[in-house]
1. Give the ranking of Phe62, Phe83 by solvent-accessible surface, highest area first, calculated with a 1.4 Å probe.
2. So if each residue of separation counts as 0.36 nm, and I subtract the Cα-Cα distance between Glu43 and Glu19, what length gain in nm does that give?
Amino acid sequence: MTSWRDMIPVPLAAPETKELRAARFRVIAACLVFAVALLFLGELRQLIGSAALPGLAAAFTFMAVQGWAWARLKNAADDAWLFRETDDVA
């Protein structure tokens, strides 16, 4: 039986550090908060009034900034992992 790792034609990315894991969880949480806020925008407007739209904008902004920051951190970690020096002689 072949593993899913055998099906990937490229080297795997860098191991996930605590910082990358926390950033990934923040991105996922921000996406969930934004999706729920957007889904229940009518109810949210009834509950908190005119602050609902700025709250939705704040959730979107947080999601975008966290996503961008995580992508940069992940890309830098992957590059450092893939281009690390090895003692192998080709």
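The values are calculated or read from the model by the stated rules, or taken from the named source; none is laboratory data. Being a predicted model, the structure only gives us computed values, none of them experimental. Quick note on the areas: whole protein, heavy atoms, side chains included, nothing else; ligands and nucleic acids left out. Shrake-Rupley method; radii C 1.70, N 1.55, O 1.52, S 1.80 Å.
1. Details: Phe62 95, Phe83 160 Å².
Of Phe62, Phe83, the descending order of accessible area is Phe83, Phe62.
2. Working: separation 24, 0.36 × 24 = 8.64 nm, distance 3.52 nm.
Contour length minus the Cα-Cα distance gives 5.1 nm.
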